[in-house]
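The values are calculated or read from the model by the stated rules, or taken from the named source; none is laboratory data. Since the structure is predicted, the reported quantities are computational estimates derived from the model, not experimental observations. Reconstructed Cβ throughout: ideal geometry from the backbone, glycine too, with neighbour counts over all protein chains shown. For the accessible areas, the whole protein counts, side chains as well, though only heavy atoms, and no ligand, DNA or RNA atoms are used. Shrake-Rupley method; radii C 1.70, N 1.55, O 1.52, S 1.80 Å.
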Amino acid sequence: MRIEVTRDVFKLAEVFTISRGSRTEAKVLTVRLHAGGLTGWGECVPYARYGETLESVTAEIEALPGDITRAALYDLLPAGAARNAVDCALWDLEAKQAGKRVWQLAGLAQPGPEITAYTLSLASPAEMQAQAAKHAQRPLLKIKLGTPDDMPRLEAVRAGAPKSTIIVDANEGWSAAVYADLAPHLQRLGVALVEQPLPAGEDDALIGLDRPVPVCADESAHDRASLPKLKGKYDVVNIKLDKTGGLTEALALRNAARAEGYDVMVGCMVGSSLAMAPATLVAQGAKIVDLDGPLLLAEDRDEPLIFDKAGVHPPVAGLWG
């Protein structure tokens, strides 16, 4: 088997801003596994928050042996972007070799569409209200917060989209005291979920804290090994394939999290439909689905995922799986 890694850049439809900075394009790595005249592929988004770069992740992938299997992969690479792209490419290749879909190989029910959140970029309250009004027909909006001016922004979004369900991503920008102070206002404004309000290394402060609005672990939750550290702090676990290191661990984490009483959210980095395709399998029946990456792009892969009123649809075989 030959392993090929390429860098791809997708222009965003608009500048995308969160509390950590702004971007105008999505830089991803595409992995292709060539064997017996067939090619399986996958995509990952290296994330600086976890010490990953395009260069470091490429080096990890290129160091793998040509006879790599999904089982062996978990002994050679840690949870992260490199393992994700290779794991998903292996699933795609196995499906093509078997003449089946990945959901069949994984023993899953046939997937269907799931309502996904749409993320509003961080901006002034007036600009965010305008964004919200533009997307007020969407049933689920996500707001990136984590700044000193969060409440005016939240009020503005609610005014712009009075009927949409709202979830909030604080990107580790709050403290326990800030969450406790904001919680009644979040309830009043119909916020259904808060992602990672505290820095991952300081989230012990959530233990014993009243959580009237459910709190979701994002940066604090990577794979199944993360679960013991979440006890008493979180209500929901956000599963992202670039954190779990692939579809294999994502499915296992979903089952383990639910077994321990957590609700599940399935999220994404900003990437193409190829990155979202495996996540649509994990997203089946999730409490919250946030797979809007392709909606933020000005350009996408061939045979992209379909987004409509029913939500994000599973991929066609020509895309992945």
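The rows are residues; the columns are (1) open to solvent by less than 60 Å² (accessible area, probe 1.4 Å); (2) farther than 14 Å from Thr244 by Cβ; (3) part of a helix (DSSP H, G or I).
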| site | (1), (2), (3) |
| --- | --- |
| Val31 | yes, yes, no |
| His34 | yes, yes, no |
| Glu60 | no, yes, yes |
| Leu64 | yes, yes, no |
| Ala79 | yes, no, no |
| Ala89 | yes, yes, yes |
| Gln97 | no, yes, yes |
| Lys100 | no, yes, no |
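Residues Leu145, Leu141: which one is modelled with pLDDT under 95, in contact with a strand residue (DSSP E or B) (Cβ under 7 Å, 6 or more places away or on another chain) and either of a type in the set (A, V, I, L, M) or surrounded by 18 or more Cβ atoms within 10 Å (Cβ to Cβ) (or both)?
From the options Leu145, Leu141, the qualifying one is Leu145.
I'd like to know if region 66-73 contains one or more residues that are under 27 Å from Lys287 (Cβ atoms), touching a residue at least 12 places away in the same chain (Cβ under 8 Å), surrounded by 18 or more Cβ atoms within 10 Å (Cβ to Cβ) and under 22 Å from the mean Cα position of the chain (by Cα).
For region 66-73, residues under 27 Å from Lys287 (Cβ atoms), touching a residue at least 12 places away in the same chain (Cβ under 8 Å), surrounded by 18 or more Cβ atoms within 10 Å (Cβ to Cβ) and under 22 Å from the mean Cα position of the chain (by Cα): absent.
Looking only at region 236-257, how many residues end up being of a type in the set (Asp, Glu) and on the phi > 0 side of the Ramachandran plot?
0
Can you find, within region 129-138, the residue that is nearest to Leu296 (Cα to Cα) among those that are assigned to a helix (DSSP H, G or I) and under 22 Å from the mean Cα position of the chain (by Cα)?
Gln131
Look through region 176-226, keep the residues that are in a helix (DSSP H, G or I) and among the acidic types (Asp, Glu), and return whichever of them is nearest to Ala161 (Cα to Cα).
Among those that are in a helix (DSSP H, G or I) and among the acidic types (Asp, Glu), it is Asp181.
Tell me which of these Thr30 doesn't satisfy, since it passes every other one: (1) in contact with a Cys (Cβ under 9 Å, 6 or more places away or on another chain); (2) of a type outside the set (A, V, I, L, M, F, W, C); (3) closer than 28 Å to Lys287 by Cα.
Unmet for Thr30, out of (1) in contact with a Cys (Cβ under 9 Å, 6 or more places away or on another chain); (2) of a type outside the set (A, V, I, L, M, F, W, C); (3) closer than 28 Å to Lys287 by Cα: (3).
Open to solvent by less than 10 Å² (accessible area, probe 1.4 Å), closer than 25 Å to Gln196 by Cβ and under 17 Å from the mean Cα position of the chain (by Cα): is that true of Val270 in this structure?
no
Regarding region 106-121, can at least one residue be identified that is over 20 Å from the mean Cα position of the chain (by Cα), among the acidic types (Asp, Glu), surrounded by 15 or more Cβ atoms within 10 Å (Cβ to Cβ) and under 19 Å from Leu241 (Cα atoms)?
No, that holds for no residue.
I'd like to know if region 173-184 contains one or more residues that are open to solvent by 40 Å² or more (accessible area, probe 1.4 Å), farther than 26 Å from Arg138 by Cα, free of Cβ contacts under 8 Å to residues at least 12 places away in the same chain and among the charged types (D, E, K, R).
Yes; the residues of region 173-184 include at least one that is open to solvent by 40 Å² or more (accessible area, probe 1.4 Å), farther than 26 Å from Arg138 by Cα, free of Cβ contacts under 8 Å to residues at least 12 places away in the same chain and among the charged types (D, E, K, R).
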